[in-house]
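Report on one structure; see the data block that follows.
The values are calculated or read from the model by the stated rules, or taken from the named source; none is laboratory data. Everything numeric in this text was worked out from a predicted model, so none of it was measured. Cβ: placed from backbone, ideal geometry, glycine included. Neighbour counts: every protein chain shown. To get the accessible areas, we keep the full protein, side chains included, count just its heavy atoms, and leave off ligands, DNA and RNA. Shrake-Rupley method; radii C 1.70, N 1.55, O 1.52, S 1.80 Å.
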Amino acid sequence: MRLPKFEYFEAKTIQEACHTLKKLGEKARLMGGGTDLLVSMKQRITTPAVVIGLKKIPETDTILYDSEKGLRVGALATLYEIERSSLVQRNCPMLIQAAGQVASPALRRMGTIGGNLCLDSRCLYYNQSHFWRKSLPVCFKQGGESCNAVRGGNRCYAVYSGDLAPALIAMEAKIRLSDGNQENVIPVEDLFSGNGKSPLTISPHQILTDVIIPPAHQGDGKFLKYRLRESIDFPLVNVAVFVEKAKNGGCESGRIVVGGIDSTPLRMKQAEEILRGGRLEEDVLDRVTKAVLKQVHPVDNTGGSPALRRRMVPVLVREALRQVYKN
Amino acid sequence: MKKIIRLKVNGEIHEIAVDPWRTLLEVLREDLGFTGTKESCDLGTCGACTVLINGEPMLSCLLLACEWEDQEILTIEGMATGGRLHPLQESFISHGAFQCGFCTPGMILTAKALLEENPHPSEEEIRKAISGNICRCTGYTKIIDAISAAALKK
Amino acid sequence: MEESPLKEYSVIGKRLPRTDAMAKVTGEAKYTDDLRLPQMLIGKLLRSPLPHAKILHIDTSKAERLVGVKGVITGLDTPRKKYGLLMRESFMDRYPLAVDKVRFIGEEVAAVAAVDEDTALEALDLIRVEYRELPAVFHPEEAMKPGAPSVHEGKANAVMSRSFEYGDAEKGFRSSDYVREDKFTTQAVAHACMETRAALSMVDFSGKVTLWSSTQSPFILCRDLAQTLNIPKAKIRVIKPFVGGGFGGKMEMLPLEFCSVLLSIKTGKPVRIVHTREEEFIGTPQRHPVIIQLKTGVKRDGTLVAKECYTIVDTGAYLTHGPMMLYGIYTFLTMLYRVPNTKFQGYCVYTNNPVRGAMRGHGNPQIRFADDSQLDLIAKDLGIDPVEIRLKNAIRAGESTPSRLRINSCGLTEAIERCAEVSNWKEVRGSLKRNNGVGIACGDHISGGKLYEAYDSSSVFLKVEEDGKVIILSGASDIGQGLDSILCQIVAEEFAIPYEDVSIVAADSEVTPQDLGTYGSRGTFLAGNACLLAARDAKGQIFKTVAEKLETTVEDLELKNGRIHVKGDPQRWMSLSEAVVACNGSVLGRGTYESNTEVPDRKGQGNISPAYSFGAQVAEVEVHADTGKVDLLRVIGAHDVGVALNPMHIEGQIEGSIVMGQGQALYEELLIRKGLTLNPSFLEYKVPTSLESPQIVPLIVETHDPEGPYGAKGLGESTMVPTIAAIANAVDHAIGVRVKELPITPIKISEMIEGGISKPVMKKIGGSSGKEE
């Protein structure tokens, strides 16, 4: 499939990129690795007049660690660089569990952490070519007035399908956003709007520059991804669990995050409450899984049966907790 | 608007004028005549268009040609040197590790990158390394055998 | 054709590398999309977004005016001649470019040729098509009901039906000790060849057409182009370059080839059209989804007595290979295990789904899934070991079948025994870890047959050159299975010269003699035999000349190591090279092999193929009850190939087939809703990767077929036939869950585990001791 025509602007600094973005507004799109954007463009889902390349901006891919502040990963660090980084291996193994399962080996050399966080939401009826989409009405996500996945649906159900976000949210990571003048740091969780049509809260002239993961202290986590094949595929479901263990071996606090189900990664706050302060016993796990299931309502829009995805959420949550506590 | 770019492919520099929307795959095949790199899905889901850039396997169908100036790009045409096949190519031949041959360029390049990074990979590591290269003919068995054997020979 | 099985061969039976090996590993091999011609235009196809609609009007004027567009065509610009699989009116149901109506989403309605791809795509967007949408039908059972929308006017949607009977099935069921009935369904599957369809045409000033195409049959393509373009075959040259896989999907002409030629005629320039991956999934034939209702009666000891099969085949919008499915399902059902009484009723049904056509095995994998799954259920009900029940009923050489096939060679029993041995079946069946299972299934297939024409033949010319080297000219199509190399091996052996001294020019409809193509696993058998005949013809000519020169008789000569000796007198010889010089510098051998087979009659009887291949596979699985996932750990596949001309090729076919079978069993499904293919990509259509594929143990069984070249038989499809059922049987063994609808997905397994085992419809007669499910 050919790309549509566009102009390419190679940004030399973040300021330059933001300035150009602001000037051009909707006509421009940022490109890191390009593995999401270029596919969308080939399918004519998005056709920006200008693509702003970020690869040449120096120091956007550095990985640093500081025992107080934690791990700082530049937004343009590739998933493969993260997988290979000894700093990340030592200090944030859950990030490697997530990064190492994205797509396929070659795509991980190209895709970036920033790009993966900013993945657009997906739907089997939306992520299709220009020709294919002519067979159905224009859906909400395309600016229309109906949903092709859910008959009678009154909103967009496109699914946020990134793998890194659940892991980062579970680790209480933050991201730094820059508009060229000012920077602000927000929890990764706040990046997501919950809206399938426009899943990210990042404003049109902001760029995600860094990901900051606080030191783990007594914490440990596990990321699990469920998909039909062990490569290439997006998640049908993914689960990230990060727990600060109490001295008695129980759970002092923790986060359980589920992705691949809804338009945003889902924080399982009720389940986290059940876990907090307790020990990991069977009845606790039962209540945790019941609480999780209450929040999980997939629809039939990712090619994997919604019934299957719903079933797998408690299976993965249990398994993730089991593995965390095994260590 | 076309821009003159310098692409270094298999050790040689090529100066060509390309539009920004041209992918590296298109430029290699259409402008430079390196038809060994194959187009199969064009959306980054099958690995047939794999090239090595600075030794790393990447999918040329999702790379903009204009972003990869002055990098070391290796295509299948650059594997054999001085008229001699690379040990991986020889191993693929002797193990019958291809049938229709369409996935083969991408597969061999991916294997090359693997062996440079990990000279003695386990079977599991080989399977993982080629997990983004789809083959419809061989069932992967002889491909894994060929890569294993080439590793042992080194 | 038989050679002594004890003879020591120098080339046959060796693991020789392919003749095209260097071309493929260096990137030199040119596939159709790699070819370039001066002033070549790029063509693109406009497709219908509707599953069923009348075409009211197509306005191409804006597209024609776009700068860079050189030609635009619609159905009205064509001779409006239909074509089909067979040159019979009942089969010829498709226009190569839709004229008045579209019948599936993706059907081609127009084509453009432009100076580059960007312009061609822009031109497509400028073509305005006015449709009037018609009611559509997507389920074959719905399509068969009265009042269903008619896909082809004047024809019933159940466009073809076949009934076959042999013996007395009703009586057979009455005399059975145990009868079981089950329903199975299989899904639409894609060939998903790594190379998409591609066509490059060139028409010269005299009107001579040259087409390079990613095809399995240049000759059939030539036939179809002549038919639809009203151009004599002699003015059309079709050349097959390297092909990146076919698996049956590249057997027939598709609109891209037709449009490429017509646009070339119209513009006076070469035109290349290549399918995108999405077009490949939507616009090329898919494997037929099939509904099978199967009833089987057995004796208490597991001996088969009767089978009754009712099947509905969804052929999609056009017929193509649909009718063959009915005959194929019946024949494949009844040729593997001995069944004295059979009854069959099958329907081939039009729907507004994408077109279905030939795919590896063509009906065989589907019916084998049903039959071998049911056989295991029967074995379970009666307390008989699955290997034993198969050994008891396995067909043997010399036996006939309900379709009156002549089984001249058959290694089925040996294949079953070897699989059982290597898998350690007896021990493993009773003692595996929890959720681990092992299952067996068998398979068979033809080696060619009179499927397309009233003849099934292959012709070869051999040029023996002055330097003692041989060039093969063969119409046969190597699409990756290694046929070119096998033919070189055969000829090298015949001439007692090194393999490297034989080369081949193949699959050019103007230059090479006719071979109908690669389908029905016919390549090695038909073209191989043709090579033998041509070699013997050439040798005959050479020997005649040498006999004269050496003053002896032809019978006193033998050919060894590039020399023609007088037997017993090593001093009297001529080199092959000298002999050719003596024959005026060039010897041309010719051979046509026509298999002595029959076109099946209306009762489905007639020996359709010169030989049949058999095999068995044992699959070992681990089922994860919590996730529903099935890990295929290992497959042992033993296949009767007649004689292994090149064991490496055979292993490759077994291994590739098994993973393709795994895909169909566990992962692959074209998700089609109201005619729209939801997953036309390698992302969403799940071809197994190297992380899914199992360990494979390929085993070769040799039975020395009396008719095959050096005793060899066809292979490429029989190797895929047992796989799906073997996996289904292994899953059942692992966790007691029997899935009868393909693919066996995690949700089906999860839900069945939760809901208890599904119950079949069964009848017991005569106080059987069989177990209740």
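Quick notes
- Added length on full extension, which subtracts the Cα-Cα distance from 0.36 nm per residue, A:T47 to A:V150: 34.4 nm
- Taking amide H atoms as placed 1.01 Å from N in the peptide plane, the amide H of B:K8 lies under 5 Å from those of B:H14, B:D70, B:Q71, B:I73, each 5 or more residues away in sequence or on another chain.
- Backbone geometry of region C:559-570 corresponds, through the Karplus equation with coefficients 6.51, -1.76 and 1.60 at θ = phi - 60°, to 3J(HN,Hα) couplings of 10, 8, 6, x, 10, 9, 9, 7, 4, x, 9, x Hz, x marking Gly and Pro.
- Using every pair of separate Cα atoms, the Kirkwood estimate puts the hydrodynamic radius of chain C at 27.3 angstrom.
- Cα centroid separation, region C:546-570 to region A:274-325 (Å): 82
- Violating pairs (Cα-Cα greater than 19 angstrom) within the set B:K142/C:K24; A:K225/B:K142; A:K222/A:K245; C:K81/C:K450; A:K5/A:K27; C:K380/C:K426: A:K225/B:K142; C:K81/C:K450
- Computed from backbone phi, the HN-Hα couplings of region A:274-291 come to 4, 6, 5, x, x, 9, 8, 10, 4, 5, 5, 4, 4, 5, 4, 5, 5, 5 Hz, rounded to whole numbers (Karplus: 6.51 cos²θ - 1.76 cosθ + 1.60, θ = phi - 60°; Gly and Pro given as x).
- Each principal axis of the Cα cloud of chain B was taken in turn, and the coordinate range along them, longest first, works out to 48, 31, 24 Å.
- 5 angstrom amide H check on C:V643, placed H, neighbours 5+ away: C:T703, C:H704, C:D705, C:A712, C:K713
- Taking a Cβ cut-off of under 11 Å around A:T62, the surrounding Lys, Arg, Asp and Glu residues balance to a net charge of -3, with basic ones at +1 and acidic ones at -1.
- Scanning chain C for DSSP H helices at least 20 Å long along the axis (C-alpha atoms) with a Kyte-Doolittle mean no lower than -0.5 picks out C:364-382, C:528-549, C:647-662.
- Cα convex hull, region C:132-283: 214 Å³ per residue, rounded to a whole number.
- Note: the protein assembly as shown, Cα convex hull, 178 Å³ per residue.
- Applying 1/(1 + (r/R0)^6) with r as the Cβ-Cβ distance of C:E578 and B:K8 and R0 = 45 angstrom yields a FRET efficiency of 0.25.
- Protein-only accessible surface order, largest first, of C:Y131, C:Y310 at 1.4 Å: C:Y310, C:Y131
- Approximate spin-label separation A:K22-A:S86, in nm, with each point projected 7 Å along Cα-to-Cβ: 4.2
- Accessible area (Å², 1.4 Å probe, nearest 10) - C:D34: 10
- Solvent exposure, largest accessible area first (probe 1.4 Å, DNA, RNA and ligands not counted), of A:E252, C:E651, C:E108, C:E669: A:E252, C:E669, C:E651, C:E108
- Coarse-grained scattering of region C:1-93 at q = 0.12, 0.19 Å⁻¹, given as base-10 log I(q)/I(0) from a Debye sum over alpha-carbon atoms: -0.81, -1.12
- Both chains summed, the buried accessible area for C and A stands near 3100 Å², from protein heavy atoms and a 1.4 Å probe.
- Other residues whose C-beta falls under 10 angstrom from the C-beta of C:R338 contribute a net charge of +1, scoring Lys and Arg +1 and Asp and Glu -1.
- Residues whose placed amide H lies under 5 Å from that of C:A110, excluding near-sequence neighbours: C:L46
- Computed with a 1.4 Å probe over protein heavy atoms only, the accessible area of C:F247 comes to about 30 Å².
- By the helix-only formula, in which each DSSP H run with n ≥ 4 contributes -39500 (n - 2.57) and the sum is divided by residues, chain C has a 222 nm mean residue ellipticity of -8000 deg cm²/dmol.
- Rounded accessible area per residue of region B:1-79, 1.4 Å, Å²: 31
- In the context of the full set of protein chains, residues of region C:581-634 present 39 Å² of accessible surface per residue (probe radius 1.4 Å, heavy atoms only).
- The calculated P(r) of region A:271-327, using every Cα pair and 5 Å bins from 0, goes 4, 18, 27, 21, 14, 9, 5, 1 in percent.
- Accessible-area composition of the protein assembly as shown, carbon plus sulfur, in percent [1.4 Å probe]: 50
- Of the residues in region B:128-154, those shielded by at least 30 Å² of accessible area once partner protein chains are present, compared with the chain alone at a 1.4 Å probe, are B:K128, B:S131, B:G132, B:I134, B:R136, B:C137, B:G139, B:Y140, B:T141, B:K142.
- Only Cα sites of region B:87-153 enter the Debye sum here, all with the same form factor; the resulting log10 I(q)/I(0) across q = 0.23, 0.24, 0.28 1/Å is -0.91, -1.00, -1.43, listed in q order.
- Accessible heavy-atom area order of C:I55, C:I749, highest first, probe of 1.4 Å: C:I55, C:I749
- Between B and A, roughly 2600 Å² of accessible area is buried in total, ligands, DNA and RNA not counted and the probe set to 1.4 Å.
- Intensity falloff of region B:3-78 expressed as log10 I(q)/I(0), Debye formula with alpha-carbon point scatterers, at q = 0.15, 0.24, 0.25 Å⁻¹: -0.41, -1.13, -1.23
- Taking the DSSP beta bridges with both ends in chain C, the antiparallel portion is around 75 percent.
- Across chain C, the mean sequence separation of Cα contacts (distance under 8 Å, 6 or more residues apart), normalised by length, yields a relative contact order of 17 percent.
- Computed 3J(HN,Hα) for region C:185-201, one whole-Hz value per residue from the Karplus formula 6.51 cos²θ - 1.76 cosθ + 1.60 where θ = phi - 60°, is 10, 10, 9, 6, 10, 9, 5, 6, 4, 5, 9, 6, 4, 8, 9, 10, 10, glycine and proline marked x.
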